[in-house]
1. State whether the residues of region B:1031-1047 include one that is surrounded by fewer than 18 Cβ atoms within 10 Å (Cβ to Cβ), aliphatic (A, V, I, L, M) and over 28 Å from residue B:812 (Cα atoms).
2. Hey, could you check region B:775-797 for residues that are of a type in the set (S, T, N, Q) and not in a loop (DSSP other than H, G, I, E, B) and say which is nearest to the other protein chains (Cβ to nearest Cβ)?
3. Can you tell me which residue within region B:566-583, out of those that are polar (S, T, N, Q) and open to solvent by 10 Å² or more (accessible area, probe 1.4 Å), is farthest from residue B:821 (Cα to Cα)?
4. I'd like the full set of residues that are assigned to a helix (DSSP H, G or I) and over 19 Å from residue A:231 (Cα atoms), limited to region A:261-311.
5. Would you check which residues across region B:74-102 are at the interface with chain A (Cβ under 9 Å from one of its Cβ atoms), open to solvent by 40 Å² or more (accessible area, probe 1.4 Å) and within 25 Å of residue B:958 (Cβ to Cβ) and list them?
6. Taking region B:618-641, which residues are on the phi > 0 side of the Ramachandran plot and either assigned to a strand (DSSP E or B) or touching a helix residue (DSSP H, G or I) at 6+ places or on another chain (Cβ under 9 Å) (or both)?
7. Quick one: how many residues across region A:168-194 are part of a loop (DSSP other than H, G, I, E, B) and open to solvent by 70 Å² or more (accessible area, probe 1.4 Å)?
Amino acid sequence: MDVGGDTASSDNCPTIDYNTPEESDSSNAMWFLILLILFTVIALSAAGVKRSLTDVIAEKAGEDLLPDTGYLARLGGWAWNNLVMVSLIGIFFVLYGVVVGYSALMDIGIYSNYSPEQPIAFNHSIHVCENEIDCKYCHSSAYDSKHAGIPSANVCMNCHKAIKKGRRTGTEEIEKIYAAIGFDSSTGTYLDGDGNNGKALPQDSYNGEPIKWNKVHNLPDHVFFSHQQHVNVGGLQCQNCHGDVSTFSVGRIAPVEEINTLIDTYPGIIQLSKPALTMGWCIECHNKAEIDLASSGYYEEMHDRLMNSERGNEELRRYLEDEKITVRELGGWECSKCHY
Amino acid sequence: MANNKKYWSGLDELDGTEAFKEIQAKEFQEQIPVDQFLADERHSSTTTGRRDFLKFMGFSLTAATLAACETPVIKSIPYTNKPAEITPGVANYYASTYYDGMDYSNVLVKTREGRPIFIKGNTSTGIGAGKVNSRVIGSVMSLYDKARLDGPTQNGNSTTWDDLDNAMSAAVSGTGRTVVLSNTIVSPSTVKAIEALGAEHVQYDAISYSALRMAQADAFGVNAVPSYHFSKAEVIVSIAADFLNSWLSSTLYAPDYALLRGPERGKQSKHFQFESAMTMTGTNADVRTMIKPSEEGKVAAGLLAALKGATVSNLDAGVIKSINAAAKSLNSSKGKSLVVAGSNDLATQTIVAAINQQLGNYGSTLDLERPSMAYRGDDASVSDLVKDMNSGKISTLITYGCNPSYDLPNADAFNTGLAKVKTSVCMNGVADETAVRSTFVAPDHHYLESWNDLSLNSGRIDLVQPTIEPIFNTRAAQESFLNWSSSENSDWYTFLRRQYNASYTSDAMYSDSDWNSAIHDGTMTGNDSPESPEYTAAIDTTQAERKVASVKGGAFELVTYVKATAGSGNHAANPILQETPDPVSKVTWDNYVTMSKSDMDSMGLNTYIAQEDMGSVVKVTVNGKSVELPAFMQPGQKPGTLGIALGYGRGSNGENIGQAAFQTGEQGEHLTHASGLPMPIGANAYPLTSTSEGYTIYANYDVSIEATGAEYPLACTQIHNTYMGRESVVKETSFDSYLAEAGKKKGEASWNKAHRLNVHEDTNHDGVIDARDKKNTSAFDLWHSHPVEEVGHRWGMTIDLTTCTGCSACVTACNIENNVSVVGKDEVLRHRDMHWIRIDRYYASDFSLEKGDEEGVGVIDSYGRMEDPSENPQTVHMPMMCQHCNHAPCETVCPVAATTHSNEGLNQMTYNRCIGTRYCANNCPYKVRRFNWFNYKGYKKFEHVNPAHDSLARLILNPDVTVRARGVMEKCSMCVQRIQSGKLDAKKSGTPILDGQIETACAESCPSNAIKFGDLNDSGSEVRTISENNRAYHALEEIGVKPNVFYMTKVRNS
């Protein structure tokens, strides 16, 4: 049975692809470059014309022609004579170079809008927006583990055992799941290692190639990030760090500005300013995120000690000055909370 | 006086002619044809090709590099069909059991994503205390060894299982004797599988205990090794039995022994040790007496006599004195004492059995009702088998779980006999000494890939379950036996299940709830069939006593012993265990001849071993067989005796037993002998063992030794032997002194006085300010303390020096848990070992500053003499790791703040911030910081020894801990990954952290529970209670860094 076709909400679920983000930025630069070349050519031509005319006048007057030196030598001479202008132009270029160079270097490691091509052109908006599948249905280990995980093919098969054809790409992408897990869509059964079908469940003996996804949200090896700490204990919504995935096709790192706009649809999103997935972004949120100590028995004794400390409540009272306890005040800015 | 003479070179100059003036003006006398040169057309066409070439190359190379500079793409590959019980990132623990013929432990195997990465003891349902030792913890490394065979072989060439099965079935069912030669099999089901083969079964142990067993059989009618209960023994007398390290089931004895150490109960066990070489057990003895191996039997006889009140003769006066003292202690603890002997001599063991019987120990501290089912190897049967093999009487030989070509005393005879066996098959998983000499090799699974049942004592079955799919094309040995037998046709797993459920079929694989809970616990109760020993039967020891009295020793006697990390030789290819320093000598990657200092001095051998000072190689000859090894000065070695460790010299014929099993040189390359064979680690000492009256003897009473003049470097991690009389490094006292002041407050007892500094205040209120006004060091504070120090957690550790035996299980556990790099022998030689925790071993010195005062020796000379340990010194083991000082000297000097202090008291090391200044290591008073001098996981110098190089061996790395790069500092983090994980669990469940919920790797693995970890701010925690005990102190207390690690004064019952 082929399930596909329209659902009522498909028109309200746009897919915004950000696969070529550089175009919007670079188009302006291209025009500037073209204009610059144009002006240089005009300037050089005008200078050449002036030179020829000067020669003509000199010849007419019977004076010496201008010396037949090369372009570069004449440019050098002109530069030496107009040092102020040349320095200003030089300073302009150096400053421009420094600014461009510095921002390029500071962009190293910023992966906002990083959206690599994936082996299967998976479309989040179809699954999340149109079919309203919860994030943790597929990324199930977010609650129990440090990894949120990418679903294994058997999770995909929960639905795609029946849904064999999609509205946009037909059977092309869905067939890739079948190739990995060994599913014969014509019979609706699984294959075994010898190519026989008729099995009800995926067979261990079918030696298919697992799907090699390109990891999108990748933190360096020296960082320990635990999803369960943030999702289970911290109670954060997925959208807080990953943005509104319901508009994505394949996975993408949502820039922090985009996440900040979600405050209306997902109340509780913490507004941040540093680029997404950088350490400064994590630190900023740790500075702003609040913890309700009363919500967990884990903090009970510590809270008592804080209130009854002999050290002098003044020194410790500063933690309560703003009437809230942030992650930072509990030690969330300490190095070995994430680097070990 | 100035010279006014004028000099000229020619008449022209003298005359000042025009021609001369012209020439003077020119730079060169002759005309140089410059114009001619410049006019040459060829030059204008010559481009400065070289310069331009370099310019272009430089530019294009840079451009290419910049263009190629992309962030690498990381793949994320989930399962295709994920097993339900695996959550990526979450560890699953499986109960299993470790048994290799020597050690027996119930373990919990920590697996991540379907592969084991750590082994810890099963303390909830395990046998005894459920603890492990260094060898068991390190056994996870041998799973990931590329030297393991990937399928059966025939004469060295790979073959298929079907072909092998056909050949073997024919061989087994054919005419001629089929013999299975194995280590002691304690698995009831495996025994049945072997019975199904219809073969004879000869068992032998690499380290044999036949004499001990025969003594029990002769005396009490039970042919088994007794079960020992050290937890009930108030007095222990050990005659060369290394029961804490390697004697019988040391994993069971060490925790039990520790229960009675620790003086808070008001009494402490008393441990006498009589031995030749310094063993790990000997370092823990209260009274240690040096004897020669030929005197072991005499000591036993003397003890028996002393117990009856008779006088002891034919021994040295010092030994007699100790024997009398031991007898006195034993007589006052009848039924609560234990006498053990490590000798494999029937006469000695008979006498020891008589001693224990007389003391009423049988049925209490040792029993034969439920004896040990292990150690049933029969040396005599093996000798007979070897004879029959050489006579060609054996047609099929199956070797299983043993390596006789390596560890039999008559291995040469065995090898010639093996060549005469028509069909020989070896079940070992690596092409080792026995396997390469066998026709077939049918590689067995690693124990972490196996199903099995084991029974050490009657009434209890421990189960082994696989924790990973078999990595190589190996097959369970028992399955091979069943395939080759003509009577059975099931697979091994079905066979095993049917032993416990006769009607088992594979449909019921998961539905048998009894089996499921047994697998979960790792154990189940089995049929209890206790023996009925006759404890009261009279034991006639006259013949035995006559025999031991007649033993004569020569000028030099040899003792072969078992090391903590090498075992009987099966751990040779394990780099982590090779690099774990020996508990007594602190030497890695080698074995050596231990000698006393006086012997070495008289032979002119080098006693000082360091990076540039090599050991002198000596040749020890026993019955015509000799080994050449470096001599190592061992305090406590009886003069006139030598000690050589067994378990080394594996792969001496170039057998491929693993990359780390061979010696590496300065560039990390495998060293080779002149013959072209790779140099093994150490030398094989098994040929130096011998057989006497059917028993394997591990000592030899007349050996010869000569210096060869050659030199050999020994990688020793601790060269400094004594602590030179410093105050608060080690604090120890005797039990009586402890009792006298047991009630005093912390810091006031004379054996644990708080360190005090002079102050310029009248603290003693005597009206004067003088040198008598002092304050405790702890009252001084250079910096403010952390404001939340008493609010949240404050992670701390206590280490009891009384119960620490020095076994180094903590070192191995820490290395595996924290991805500590193995650096190889050359780097260890340069003191660049990377161990986060080390066990400092101090010998007592006879000399002290007070003694120097008395004898009129100057201070400098006194210090020099204090460096010499005494001939029979007392030993202290002190585990040392980052003390997590609250006023850490390392934190203040880091220029980039890579090491900081957390609110919870931990000193944090941030690897990514470290720039490698090494000022922190310079400032650390405990010298616990280790620097990554090289890229250990990538640089070719470490490719043979560091697991991270090998694509299979790197699976052992703990995914929760960063693997450090070159140029960063690292140190003990107090297993912060476990602390964070424990806190997370507590936060998830909304409960406070209970004491014992979080354990560091070292605390978890310590068999004696000497290391404890917990929250010092938790008033109910053990560490808090212990830190307030009057035995608790800080190491180097006087420098005032306020560590979070407490040590407890060592109390000896001497």
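1. yes
2. The selected residue is B:778.
3. That would be B:568.
4. Matches in region A:261-311: A:261, A:280, A:300, A:301, A:302, A:303, A:304, A:305, A:306, A:307.
5. B:74, B:75, B:77, B:79, B:82, B:90
6. Matches in region B:618-641: B:623, B:636, B:640.
7. 4
Every residue, every condition in (1) open to solvent by 50 Å² or more (accessible area, probe 1.4 Å); (2) at the interface with chain B (Cβ under 9 Å from one of its Cβ atoms); (3) without any contact (Cβ under 8 Å) to a residue 60 or more places away in the chain, yes or no:
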site: A:241; (1), (2), (3): no, no, yes
site: A:259; (1), (2), (3): no, no, yes
site: A:262; (1), (2), (3): no, no, yes
site: A:266; (1), (2), (3): yes, no, yes
site: A:308; (1), (2), (3): yes, no, yes
site: A:323; (1), (2), (3): yes, no, yes
site: A:339; (1), (2), (3): no, yes, no
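The values are calculated or read from the model by the stated rules, or taken from the named source; none is laboratory data. Quick caveat: nothing in here was measured; it's all calculated off a predicted structure. Heads up, the Cβs are rebuilt from the backbone with ideal geometry, glycines too, and the neighbour counts pull from every protein chain shown. These area figures cover heavy atoms from the full protein model, side chains too; ligands, DNA and RNA do not enter into them. Shrake-Rupley method; radii C 1.70, N 1.55, O 1.52, S 1.80 Å.
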